[in-house]
Amino acid sequence: MLAINSSIFHKTHCTILKTVSNTYMKYLLQIFILFIISTSNFYCQQITPLTEIHDFGNNPGNLKLFIYGSLTKDTGKLPLVVVLHGCGQNARDASVLTGWNKLADINHFIVVYPQQKIFNNANLCFNWFNTHDIEKGEGECESIYQMISFVKQHYAIDSNNIFITGLSAGAAMSVVMAATHPELFKSGAIFAGGAYKIATNPIAGTKAMLGKKYIPKEILVENIKEQNPNYKGQYPSLIVYQGLKDPVVNYQSATSLINQWTGINKSDTIPDKTETAFMGIEDISRSEYTDSLGRTSVIFYEINNLGHRLMVRPGEKENEGGRTGIFGVDKGFHSSYQTAKEFGLIKNN
């Protein structure tokens with residue numbers, strides 16, 4: 001989730017090494033190893049081709065844009081899902097890991113994959129902790145906004161059905177986008193992410209990930225409001241996934257995220273409904289938080305015996321997909337399918 005910008009690293013690495021746990025450093029080593037492997041062939045699997053768009057705006061965050069899906073056989077407007085990869089990954093890796101392309105084929109929607117560049121971040125993480133990348137109209141945040149604007153302009157997109165999701169650093173950047181451009185998104189799904197502006201520099205980002213940084217709910221909510229001083233509309237709902245044994249992103253990150261988004265959506269921080277052993281899986285519980293009008297503002301999936309990984313369920317059925325590996329684990333639960341179902345994208349519910 002956290003990455004150290006190459007221009008900052010040499011000045012701050014001594015301090016960071018004192019702050020980051022041994023477990024986290026081992027994780028960074030795993031990230032590096034996987035990056036070397038993935039540049040040649042991701043898990044030796046065939047990669048679904050994506051279309052790269054080179055000119056989608058002035059791109060102040062210096063990111064890449066990849067798209068999956070075609071409108072040539074459809075005349076109606078289609079939903080759009082933005083998928084942000086985690087550290088050590090790229091767009092194609094994320095498409096194979098998550099299985100979103102298969103879901104798009106079956107249920108007819110477009111998928112956008114922003115991609116980080118190593119020049120921006122040595123670990124290929126989105127810079128969710130850098131102030132100049134997370135303010136509305138600036139840096140990586142603005143680049144992703146320009147990508148969505150480009151796709152809306154050149155494809156027949158249903159503007160009322162735009163969603164965003166990500167893993168780890170991609171999850172944190174998904175929160176950035178939902179916070180800075182609430183009018184764009186209907187909902188977001190956050191896999192091991194954190195609250196908007198829980199950190200604005202690498203050191204604070206590390207502390208936040210390890211659960212050592214607390215910000216009161218009121219300030220977390222105000223951080224979003226400051227980005228949208230004249231916004232009167234409804235804020236996106238969020239689906240939050242958090243593993244209880246995640247050595248990289250502490251459970252406290254999910255708590256801060258829930259506090260922030262129940263706050264901005266004026267919901268209670270106590271869930272209105274909780275289902276344990278969700279879908280018969282003992283390790284998964286699902287809770288819903290609703291506002292005064294009964295609208296769901298936050299859905300929280302709390303997963304026991306899950307580290308810093310995405311839950312997948314490899315297979316050929318519609319509710320199966322994704323790939324196992326360092327970033328994916330088979331728990332009999334295809335989280336991308338469940339997310340698409342929560343988004344309302346599954347045609348045969």
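The values are calculated or read from the model by the stated rules, or taken from the named source; none is laboratory data. Just so you know, these numbers come straight off a predicted model, no measurement behind them. Glycine also receives a Cβ, built like all others from the backbone with ideal geometry; neighbour counts cover every protein chain displayed.
Among residues that are touching a Gly at 6+ places or on another chain (Cβ under 7 Å) and within 26 Å of LYS213 (Cα to Cα), GLY307 is included.
Here's the yes/no breakdown for (1) hydrophobic (A, V, I, L, M, F, W, C); (2) at pLDDT below 95; (3) within 21 Å of GLN89 (Cα to Cα):
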site: ASP158; (1), (2), (3): no, no, no
site: ASN161; (1), (2), (3): no, no, no
site: MET177; (1), (2), (3): yes, no, yes
site: PRO182; (1), (2), (3): no, no, no
site: THR200; (1), (2), (3): no, yes, no
site: GLY205; (1), (2), (3): no, yes, yes
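Checking each residue in the range 98-117 for being more than 18 Å from GLY57 (Cα to Cα), part of a loop (DSSP other than H, G, I, E, B) and without any contact (Cβ under 8 Å) to a residue 60 or more places away in the chain picks out no residue at all.
If I filter the range 263-278 down to residues being outside any helix (DSSP H, G or I) and among the hydrophobic types (A, V, I, L, M, F, W, C), which single residue comes out as farthest from LYS212 (Cα to Cα)? Spell out the reasoning first.
Step one: of the range 263-278, the residues outside any helix (DSSP H, G or I) are 265-277.
Next cut, among the hydrophobic types (A, V, I, L, M, F, W, C) only: 270, 277.
Numbers: ILE270: 23, ALA277: 30 Å.
The extreme case among them is ALA277.
Identify all residues within the range 249-262 that are assigned to a loop (DSSP other than H, G, I, E, B) and surrounded by fewer than 24 Cβ atoms within 10 Å (Cβ to Cβ); write none if there are none. Matches in the range 249-262: ASN250 only. Is it true that GLY211 is under 22 Å from CYS125 (Cα atoms) and either in contact with a Cys (Cβ under 7 Å, 6 or more places away or on another chain) or crowded, with 19+ Cβ neighbours inside 10 Å (or both)? It is false that GLY211 is under 22 Å from CYS125 (Cα atoms) and either in contact with a Cys (Cβ under 7 Å, 6 or more places away or on another chain) or crowded, with 19+ Cβ neighbours inside 10 Å (or both).
The residue list LYS77, LYS64, LYS102 contains one member that is charged (D, E, K, R), at pLDDT below 95 and over 21 Å from GLY205 (Cα atoms), which is LYS77.
Here the condition is being touching a Lys or Arg at 6+ places or on another chain (Cβ under 6 Å) and among the small types (Gly, Ala, Ser); of GLY243, GLY233, GLY188, GLY263, it holds for GLY263 alone.
The residue that is surrounded by the fewest Cβ atoms within 10 Å (Cβ to Cβ), among those in the range 222-246 that are in contact with a Phe, Trp or Tyr (Cβ under 9 Å, 6 or more places away or on another chain) and over 18 Å from ILE299 (Cβ atoms), is LYS225.
Restricting the first member to the range 130-141 and to residues that are surrounded by 17 or more Cβ atoms within 10 Å (Cβ to Cβ), and the second to residues that are of a type in the set (Lys, Arg), no beta-carbon pair is closer than 6 Å while six or more apart or on different chains. Summed over the range 286-325, residues that are surrounded by fewer than 18 Cβ atoms within 10 Å (Cβ to Cβ), farther than 25 Å from ILE106 by Cβ, modelled with pLDDT of 95 or more and among the hydroxyl-bearing types (Ser, Thr, Tyr) total 0.
Applying a threshold of 7 Å to beta carbon distances and a minimum spacing of six or more residues, or different chains, the list of pairs starting in the range 279-302 at a residue that is part of a strand (DSSP E or B) and ending at one that is of a type in the set (Lys, Arg) and surrounded by 19 or more Cβ atoms within 10 Å (Cβ to Cβ) reads ILE299/ARG286; TYR301/ARG286.
Going by the conditions given, is LYS217 modelled with pLDDT of 95 or more and either surrounded by fewer than 24 Cβ atoms within 10 Å (Cβ to Cβ) or of a type in the set (S, T, N, Q) (or both)? Answer is yes for this residue.
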